[in-house]
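Structure first, commentary second.
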Amino acid sequence: MTFDLILIGFGNVGRRLAALLHERRGMLARDHGVETRVVGIATRRHGCRYCADGLDAHALGAAVSRGRSIGSDTGSALAFLREAATKSRAAARARRLVVVETTTLDIVRGEPALGHVRTALSLGAHVITANKGPVAFAYQALAGAAKRADRRFLFEGTVMDGVPIFNLLRETLPAVRVEGFRGVINSTTNYMLTEMEQGRAFDAALSEMQARGVAEADPSFDIDGWDAAAKTAALANVLLDARITPRDVEREGITPDSGRRAVDARAAGRRLKLVARADRDRQRVRARVALEELAGDDLLAILAGQQNGLIFRTDLLEEIAVVQRSGSLTQTAYALVSDLVTIARSVTAGRASGRSRS
């Protein structure tokens, strides 16, 4: 089955996705019956382009990487999305249209990603996103819209790159209830704390993360705890049925003073970590991101450098832990591919049973 893709956002993640789909096209077709063609691309600074017969996404990615325009400026990605999805209505009716949303997170309102997801679903497209905003700000509303449209809304790449967090719980743990979670889920701050506990200066550790491309030129999103708060809200909304936004998460970041705390904690056989957690408190979900001193043998305490990990507390299986030893652009792009395969399975199953399946 050939899926038509409209890419909203064509930065590093979007371009790596296009390359990965090309690299794995044989395996995807052979093992999963999935073929793809990119029919639309919208960028913030380099224009937009649509072709019903498919675009050369690799060549367009190279052009964007060199700072070149790929098409006309339509004024907004949302306007382009409406036009492109309308032109692709035959694919939408056949449940073969997928919008891939990889724009930058807005921590204030989650826009414009929220509008992109709502519009795509209303026009009959499935939606895959690596943007934390839609899940962190409006998961229940968007999940409801997807159900009414009989389309899929998937977001595996929003928390731990390609590590299957949401798929693990949704697909492989039926009838298990998550009661809470705690984790280390921001690579930049974990690397910095690991370095600072060995005496390295805050600014030097941060500069290295920026040089590697892990932290942005403006690193406040990471070091002030906003990235972890957005991921915490996303996890809580999906797994604990919370109805919160990142603004509802109690939040603490790291500062140069955190270095001394990290050194002292290590001297005492403990580790200082920026821990994200959420728990059910009767009918309310409480969520926070804060520095915590952990016992040396705590699973989260031994996560070093850019490693991440999550521990889920469940009703039937007690605690389940997932650890990410490394992260990369390819892993984030893989999460989008994984979601695409999930959609393909859903569409195929619906056709086999003679009915659609959301």
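No value in this document is a laboratory result; all are computed from the given coordinates. Note that this is a predicted model, so its numbers are computed, not measured.
Summary of values
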{"quantity": "Residue-wise HN-Hα coupling along the stretch 135-140, computed from phi with Karplus coefficients 6.51, -1.76, 1.60 (Hz; x: Gly, Pro)", "calculated": "6, 6, 9, 8, 4, 4"}
{"quantity": "Residue-wise HN-Hα coupling along the stretch 329-337, computed from phi with Karplus coefficients 6.51, -1.76, 1.60 (Hz; x: Gly, Pro)", "calculated": "4, 4, 5, 5, 5, 4, 4, 5, 4"}
{"quantity": "Pairwise Lys count, the chain - Cα closer than 24 Å, eight or more residues apart or different chains", "calculated": "6"}
{"quantity": "Label selected from (i) 18.5, 54; (ii) 22.9, 98; (iii) 20.7, 64, the criterion being Rg and Dmax of the Cα atoms in Å as computed here", "calculated": "(iii)"}
{"quantity": "Interatomic Cα distance distribution for the stretch 174-326, bins of 5 angstrom, percent", "calculated": "2, 10, 19, 22, 20, 14, 8, 4, 1, 0"}
{"quantity": "Karplus 3J(HN,Hα) series, Hz, for the stretch 188-195 with 6.51 cos²θ - 1.76 cosθ + 1.60 (x for Gly, Pro)", "calculated": "4, 5, 5, 4, 5, 5, 4, 5"}
